[in-house]
Amino acid sequence: MKNCTTILTADSRQQTADSRQQTADSRQQTADSRQPITVNFFCTWSRDRKTSWSGIHYSLFTSLQQYANVIDIPLLDSFTARLARKLKHIADKLTRSDNFMVFDSKIMQAEIESSKLPAHDAPCIMFHAVPSRYMQNTYMYQDLTVDFVYRMWKEKSPLSRFTPLPPNTKESIVHERLELNRQVNENCRGLLTMSQWLAKDLAVNTGIDARKIHHVGGGCNINTSLIDTHGKNGRRFLFVGRDWERKNGPLAAEAFTKLHRKYPDAELYIAGPSTAPQELDGISGVNFLGLLSYDELVHYYNLCDFFVMPSRFEAYGIVFAEALIFGLPCIGKDICAMPEFIQDGKNGMLIHDDDPDELADCMERLLLDRNNFVSYVEAMHDKYLTQYSWKSVAERIIDVMRQDGF
């Protein structure tokens with residue numbers, strides 16, 4: 001019995017030692033997982049970095065820095081690259097053609113291939129489909145795909161004219177760009193999408209393995225610490241969109257004209273276009289604001305009560321997130337990513353056609369049922385603030401990279 005007890009005690013001690021070692025290993029793994037990882041950030045910056053791709057590049061870059069060692073690797077930034085692009089632009093203009101970013105992609109590819117990354121085994125974030133030797137570590141962040149644009153173009157969809165595929169692009173160039181994207185889609189580590197709509201399109205229509213697709217969302221570029229609801233009067237609508245035609249500004253103006261006849265104290269504030277569209281001529285109750293900075297927009301998000309932008313095509317729509325965070329029920333269209341922001345009948349309304357009567361009716365319903373819509377949006381404020389923050393987007397991206405072993 002004594003020998004058995006001795007053996008059991010020895011086994012017990014060994015198990016305890018093993019258990020302690022496993023606990024120590026687990027703690028070390030947890031500690032390691034909390035260590036910042038290094039991320040290579042490939043970007044074609046605008047001259048004013050804060051406005052690059054509507055502020056997306058800068059917001060994502062600075063947010064990722066909270067969780068990772070982010071290495072800035074600017075593309076198309078050298079004098080040689082800028083000169084080559086300028087000459088190509090002149091040539092395309094003379095020949096009345098467009099290279100659909102193929103030329104830029106080739107320059108970027110040459111730049112990447114000739115560069116020596118400080119962290120060549122680290123994950124890379126890119127925004128353009130550029131095949132390179134770092135593809136196995138690359139994550140593409142996007143709101144739209146060339147494949148979707150091509151399908152609209154091939155089907156001669158009315159939406160095609162609102163997508164970034166110029167009508168004067170040769171079919172051979174389109175197919176060359178498609179091939180570049182196919183190579184990237186097949187060989188990259190992952191595809192990061194701003195919308196659920198695009199994630200589904202990639203899986204269902206482009207045929208990408210769903211395991212490579214990660215919906216990480218997009219964030220708000222407006223200073224949300226400046227929210228102030230005291231100036232609202234329950235009668236003001238806000239439209240924000242630089243591309244007047246694509247954002248369906250003419251429809252918003254026509255619908256507001258109908259609404260204003262019934263509610264003379266209603267107002268429509270329009271921000272975005274640099275010059276006043278002719279559709280606004282002679283319309284009472286319209287306040288044209290022109291192109292505003294993010295800081296200037298804060299005042300009008302605070303002043304207005306509702307947001308209306310019935311876009312003909314909207315790959316994502318950060319302005320909807322901004323409006324909801326500032327407490328504005330929204331009106332959009334039931335296509336693309338807009339239904340992801342707008343819960344019809346709860347935090348706003350979705351229209352189905354380019355019908356000014358339908359839109360005017362939705363605007364009237366917001367006026368008449370304002371308290372219920374606003375109460376719902378206010379109750380969701382904390383959720384919107386978290387969901388549509390660049391900090392949350394950065395966290396989701398880092399989580400994806402960690403799950404992939406980085």
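Taking into account only those residues within the range 63-95 that are under 29 Å from the mean Cα position of the chain (by Cα) and of a type in the set (Asp, Glu), which is least open to solvent (accessible area, probe 1.4 Å)?
Asp72
Taking the range 200-224 as the search range and keeping residues that are aliphatic (A, V, I, L, M) and farther than 30 Å from Leu297 by Cα, which one is surrounded by the most Cβ atoms within 10 Å (Cβ to Cβ)?
Ranking the candidates gives Leu202 first.
Find the residue count for the range 334-347, including only residues that are within 22 Å of Met152 (Cβ to Cβ) and open to solvent by 20 Å² or more (accessible area, probe 1.4 Å).
Residues meeting the conditions: 5.
Checking the conditions here, which among Leu385, Leu350, Leu368 is open to solvent by 40 Å² or more (accessible area, probe 1.4 Å), among the aliphatic types (A, V, I, L, M) and under 25 Å from the mean Cα position of the chain (by Cα)?
The unique qualifying residue is Leu385.
Residues Ala321, Ala360: which one is under 30 Å from Lys212 (Cβ atoms) and in contact (Cβ under 8 Å) with a residue 60 or more places away in the chain?
From the options Ala321, Ala360, the qualifying one is Ala321.
The values are calculated or read from the model by the stated rules, or taken from the named source; none is laboratory data. For clarity, every value in this text was computed on a predicted model and none was experimentally measured. Using ideal geometry, Cβ is built from the backbone for each residue, glycine included, and neighbour counts are taken over all protein chains shown. Side chains included, ligands, DNA and RNA excluded: accessible areas come from the protein's heavy atoms. Shrake-Rupley method; radii C 1.70, N 1.55, O 1.52, S 1.80 Å.
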